[in-house]
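The values are calculated or read from the model by the stated rules, or taken from the named source; none is laboratory data. Everything quoted here is computed from the prediction, not taken from an experiment. Every residue, glycine among them, receives a Cβ derived from its backbone with ideal geometry; neighbour counts consider all protein chains shown.
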């Protein structure tokens with residue numbers, strides 16, 4: 001295949017990675033932005049989303065589309081509820097102290113990971129995509145003195161991958177509307193800016209924190225449900241999304257939601273393109289290098305505010 | 001009637017209040033004065049429920065307020081204007097006001113009422129709070145608290161750093177609240193503002209209320225200002 005079509009394929013792969021990464025990193029960013037909690041267990045909520053999606057799809061059976069839709073609704077809700085419970089049982093009790101919450105979420109990471117290993121097992125398990133037609137893409141070629149559309153062998157994508165991109169974009173728009181156009185969003189933004197004053201104006205900050213922790217985990221779970229028909233559910237699958245989410249959140253600016261989306265696009269696309277042309281390991285090395293550069297030259301991130 | 005009786009309190013393990021007592025009747029302005037570190041802001045935060053008292057009692061119309069959370073204190077009609085305003089800086093003026101309205105599910109008429117009290121805010125509704133001038137920020141801080149339709153209003157140095165015309169506007173609103181039957185607790189360093197606004201004054205020293213007197217008594221004995229404040 002020529003370089004042009006190869007590059008387009010790499011960009012498409014990158015867009016899928018970026019879409020899922022944007023959802024996952026957005027969850028991490030919201031939790032840090034509102035609660036000032038660095039959630040080291042975020043990747044495990046992602047993994048739980050994938051595992052629960054497999055479980056729901058298996059239980060529902062029937063047509064793959066039915067199981068997938070059920071998983072897309074149930075998995076984020078269950079993961080969100082588990083995260084909210086973890087907030088009340090653990091983070092609230094240590095008063096959201098920054099250092100202790102890091103240690104506590106490391107503990108939570110191992111509890112979730114090992115609990116999943118004991119119940120779900122060590123095997124990777126697939127979820128059927130609801131639809132997965134192949135789409136051959138056209139490419140212009142110069143033949144006989146004129147351009148004509150050709151369909152190079154292997155140059156195409158699937159309807160499901162396009163759906164992942166569209167669904168992630170729709171979820172992000174819905175999240176933006178939630179944060180900017182609803183009372184719940186206003187309450188979250190007020191709590192983010194000054195939790196003590198929020199309390200002085202009747203905002204139940206404890207409940208807001210539980211909701212935000214649940215929302216952050218739910219977003220990670222949604223990303224996982226979208227990707228699990230492509231990547232399979234496995235109890236160790238939370239590591240990479242956690243690393244990439246931290247990279248995205250640091251580059252975008254801690255707590256900045258627009259910054260998180262931009263950084264997710266940059267990192268996701270570069271990860272996809274470099275993985276296709278070179279290797280996934282090189283993609284991670286370059287992303288880590290990008291974080292180092294940002295920390296040196298713009299420590300507040302692309303759209304973060306200098307403290 | 002807001003009543004504090006031998007209230008003690010602390011910031012973490014550091015004791016800061018060692019016995020604060022005073023009462024504020026509806027429709028009166030009660031000023032708390034004292035040197036830096038005397039416990040004025042701590043007293044307001046303790047009334048508001050942002051700090052938990054370690055002893056003594058705080059009651060509002062006979063009902064216990066000392067064991068209430070700040071959320072419930074706000075819902076019971078205690079409005080708080082903190083030192084330094086502490087607006088939700090990245091929210092718009094309208095959103096800051098909406099936060100105040102949500103606390104007691106106040107109706108849209110309340111919004112119109114507070115905007116009539118502070119007309120300059122009407123043209124700034126979509127502007128971020130952090131972009132307002134100091135005087136406008138103070139107006140917004142007061143408007144946000146008044147959205148609760150409070151029966152008790154806690155004001156922590158509301159005239160700090162403001163120009164005279166703005167101080168006069170703040171004073172007019174405080175006087176209007178007094179006429180409307182609100183019990184106003186005012187922490188203030190400026191003696192001229194105190195003498196024109198307050199009905200009673202309580203002096204704090206080292207976290208303890210040492211003397212409460214009517215404003216007429218303070219006017220008759222201005223040397224008390226020098227004694228307690230060193231001015």
- Message: residue A:229 - would you say it is assigned to a helix (DSSP H, G or I), touching a residue at least 12 places away in the same chain (Cβ under 8 Å) and within 14 Å of chain B (Cβ to nearest Cβ)?
- Response: no
- Note on the structure: If we keep only residues of segment B:87-103 that are buried (at least 19 other Cβ atoms within 10 Å of the Cβ) and not in a helix (DSSP H, G or I), then the residue nearest to the other protein chains (Cβ to nearest Cβ) is B:88
- Query: Of the residues that make up segment A:164-178, is at least one exposed (fewer than 15 other Cβ atoms within 10 Å of the Cβ) and within 9 Å of chain B (Cβ to nearest Cβ)?
  - Reply: no
- Message: Restricting to segment B:154-168, and then to whatever is within 14 Å of chain A (Cβ to nearest Cβ) and in contact with a helix residue (DSSP H, G or I) (Cβ under 6 Å, 6 or more places away or on another chain), can you tell me which residue is nearest to residue B:28 (Cα to Cα)?
- Response: B:154
- Query: Tell me, which residue of segment A:179-201 that is within 25 Å of residue B:46 (Cβ to Cβ) and more than 8 Å from every other protein chain (Cβ to nearest Cβ) is surrounded by the fewest Cβ atoms within 10 Å (Cβ to Cβ)?
  - Reply: A:195
- Task: Take segment B:200-231 and flag every residue that is farther than 24 Å from residue B:25 by Cβ and over 21 Å from the mean Cα position of the chain (by Cα).
- Result: B:222, B:223, B:226, B:227, B:230, B:231
- Message: Going residue by residue through segment B:141-150, is there one that turns out to be within 14 Å of chain A (Cβ to nearest Cβ), surrounded by fewer than 19 Cβ atoms within 10 Å (Cβ to Cβ) and touching a strand residue (DSSP E or B) at 6+ places or on another chain (Cβ under 8 Å)?
- Response: no
- Go through (1) touching a residue at least 40 places away in the same chain (Cβ under 8 Å); (2) closer than 21 Å to residue B:160 by Cβ one by one and return the number of the condition residue B:120 breaks. (1)
- Select the strands (runs of 3 or more DSSP E) contained entirely in segment B:10-84, then report the ones holding at least 2 residues which are under 15 Å from the mean Cα position of the chain (by Cα) and within 14 Å of chain A (Cβ to nearest Cβ). B:78-81
- Message: One residue is enough: does segment A:212-221 have a residue meeting the conditions in a loop (DSSP other than H, G, I, E, B) and at pLDDT 95 or above?
- Response: no
- Message: If I filter segment A:275-289 down to residues being more than 19 Å from the chain's Cα centre (by Cα) and assigned to a helix (DSSP H, G or I), which single residue comes out as nearest to residue A:15 (Cα to Cα)?
- Response: A:276
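Yes/no per residue for (1) more than 21 Å from residue B:3 (Cα to Cα); (2) free of Cβ contacts under 8 Å to residues at least 60 places away in the same chain; (3) in contact with a strand residue (DSSP E or B) (Cβ under 8 Å, 6 or more places away or on another chain):
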site: B:158; (1), (2), (3): yes, no, yes
site: B:163; (1), (2), (3): yes, yes, no
site: B:166; (1), (2), (3): yes, yes, no
site: B:169; (1), (2), (3): yes, yes, no
site: B:174; (1), (2), (3): no, no, yes
site: B:179; (1), (2), (3): no, no, no
site: B:187; (1), (2), (3): no, no, yes
site: B:196; (1), (2), (3): yes, yes, no
